[in-house]
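> This is the structure, below, for whatever I ask next.
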Amino acid sequence: MNDHKEVLDPGPFFHGTKAELEIGEELKAQNQSNYQDKKSNFIYFTASLEAAKWGAELAAGNRKERIYLVEPTGEFENDPNLTDKRFPGNPTRSYRSKAPLKIIAELGSWDRHTDEEIDHMLTSLKALWEQGKDIIID
């Protein structure tokens, strides 16, 4: 019998947001979603800096965009919103968990997407919303 659990992804892991958080603080499920007007059943994170940048840039609010280095405190799974639903496999290395994520650092600087890239993404997301396809499996 093999008791060894397969590691889904070794990380490091990131969480992009506009929330101002402290090192050592925990991000938990059941908080307001950054992307829809509802509480989220999961906390979302990624092992891709590119995906974390989008998370920070597209998050609701007018605060400073931030990317935190996080550590999962429990089990996590592939984010079904980005894996086989939109991208076969998990090329964005995006995950979700019901267990908290511990903030271990904040990235001091990172290169944002251009305003044109962000506007294009927002236009695409708006089109999905207008078509009723902006559903988040949560």
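> For region 13-130: lysine pairs with Cα atoms under 13 Å, gap of 8 or more or different chains, count?
Here the count comes out as 7.
> Could you size up the charge dipole of region 13-130 around its Cα centre, putting +1 on the beta carbon of Lys and Arg and -1 on that of Asp and Glu, and report it in debye to the nearest 20?
Dipole magnitude for region 13-130 comes out near 360 debye.
> Oh, and also: What's the Cα-based Rg to Rh of region 13-130, Rh via Kirkwood?
0.94
> Now, a different point. What is the fewest-to-most order of Ser94, Ser124, Ser109, Ser48 by other Cβ atoms lying within 10 Å of their Cβ?
If I rank by nearby Cβ atoms, fewest first, I get Ser109, Ser124, Ser48, Ser94.
> Arrange Thr73, Thr46, Thr123 by Cβ neighbour counts within 10 Å, fewest through most, would you?
The fewest-first ordering by Cβ neighbours comes to Thr123, Thr73, Thr46.
> Using the count of nearby Cβ atoms within 10 Å as a rough guide to exposure, how do Ile103, Ile67 rank from fewest to most?
Ile103, Ile67
Read-outs: derived from the displayed coordinates by stated rules, not from any lab. Remember, predicted model here, so these are calculated numbers, not experimental data. Glycine gets a Cβ as well: all are built from the backbone with ideal geometry, and neighbour counts include every protein chain shown.
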